[in-house]
Amino acid sequence: MVGSNYMEPLSLYKKAFTVEMRDVDFTGTLRLSSLFTYFQEAANQHSEDLGIGFETIMEKFGVIWALIRIRVEILRYPVFNEEIVVETWPQEPKNLQFIRDFLARDQKGHIIARAVSIWAILDAQTRKLQRSKLIAANYPSSFKEERALECKLGKLKPFGPLEMAYERFIGYSDIDFNEHLNNTKYVDLIMDCFSLESHKSHYVRSIEFNYVHEALPGDTIVLYKDLNAADENLIYIEGINEKEKKLAFQSRIQIKERS
C-alpha cells in the first residue's frame, strides 16, 4: 500500500535558468556550450528525483553516466539576463541506452531549442558499458511519449577530405566529476575551430554529436574539419586522441548567416 506521503515521480521535469554573464559570448547571447550545461544540470536533477543521479549511481552501483549521442536544434539563442525554462523527460530505457529529450522555452512559453539524446552507464573503473537494468530507477507509472525531435541518431560521416584545425591539450580546467573531458567542453572545442570573424557572420543552427571515446587529462585532441559541404551550410568536425590514436568524437553542425 502506498503511503500518504508518496509522491509520483515526475515524467516531465522543469528547471528555470537565468542567462548570466558567464553563460554568454561576445554577442551577448547564450554560448552553445552553456545550453549543453543547462541540459546536463536539468537531466541530473531529474535523475536524482528518479533515484539515479550522478552521485547516486556512483555510490550504489559503481557506474557513471556518459552522454553517447545528442542532436540539438536552436530556434533562437536567449540573451544576457533572459530567463528560460528547460524541460526534460526520459523514454523507457533500452538494453544499453537511456533516451532523454529536452525543450527550452522563453518566458512566453515559446520553444527556443529542442534536443534528443542517448546516454549510457559505464563501469567507473573499467569504463565498460553496463546494461541499463543494473540501476533501478524510480520511474513514473507512464512515460511522456512526445519527442522533442523526430530524428534517428546514428553514425556521422565526413563529406570529403578533412583538414586539421588545431590541437588541444586536456588539462585540469577541462575535466569534470568523472575525471574526463565533460560533454559541454567538447562543444567549446568545436567552436574554437572557427575564427572570431566566422562567429560574427554565422551562428550554429543545429549540432549533432557522437561521443566515441572519452578524453582524459594529459591527452591531446587533434581537431579536423571538413568544409566540403559548407555551401550547404553543413560542416563536419571530428577529434582524434593523439596518444591513443582513437576517434574521440564526431560532429555535424548546420550554420546560418546572422541577419
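Across the options 218, 11, 151, the greatest Cα extent toward the positive end of the charge dipole of the chain (unit charges at beta carbon of Lys, Arg, Asp, Glu) belongs to 151. Treating r as the C-beta distance of residue 61 and residue 81 and R0 as 30 Å, the FRET efficiency rounds to 0.15. With a ≥ b ≥ c the root eigenvalues of the C-alpha gyration tensor of the chain, is it rounded (a/c under 1.5), prolate (a/b larger than b/c) or oblate? Oblate.
Counting only residues at least eight positions apart within a chain, or on another chain, the lysines with an alpha carbon under 27 Å from that of residue 225 are 152, 155, 157, 185, 200, 243, 245, 246, 256. Of 55, 214, 150, the residue with the greatest mean-square motion in the GNM of the chain, using alpha carbon springs below 10 Å, is 150. Taking amide H positions as modeled 1.01 Å from N, with prolines and chain starts lacking one, the residues under 5 Å from residue 63 and 5 or more places away or on another chain are 58, 124.
Each Lys and Arg adds +1 at its Cβ and each Asp and Glu adds -1 at its Cβ; summed about the Cα centre, the chain shows a dipole of about 640 debye. Over segment 90-153, accessible surface divided per residue gives 57 Å², non-protein components excluded, 1.4 Å probe. Taking chymotrypsin sites (Phe, Trp or Tyr not before Pro) across segment 22-101, the ones in a DSSP loop with at most 16 further Cβ atoms lying within 10 angstrom of their Cβ are 26, 80. Sorting 52, 255, 175 by solvent-accessible area of protein heavy atoms yields 175, 255, 52, largest first, with a 1.4 Å probe. Its residues counted as N, segment 43-90 yields a C-alpha radius of gyration over 2.2 N^0.38 Å of 1.51. Sorting 245, 15 by solvent-accessible area of protein heavy atoms yields 245, 15, largest first, with a 1.4 Å probe.
The values are calculated or read from the model by the stated rules, or taken from the named source; none is laboratory data. Keep in mind the model is a prediction, meaning the values are calculated, not measured. No Cβ is skipped: glycine too gets one built from the backbone with ideal geometry, and neighbour counts run over all protein chains shown. Note: accessible area is taken over every heavy atom of the protein model, side chains too, but ligands, DNA and RNA are not part of it. Shrake-Rupley method; radii C 1.70, N 1.55, O 1.52, S 1.80 Å.
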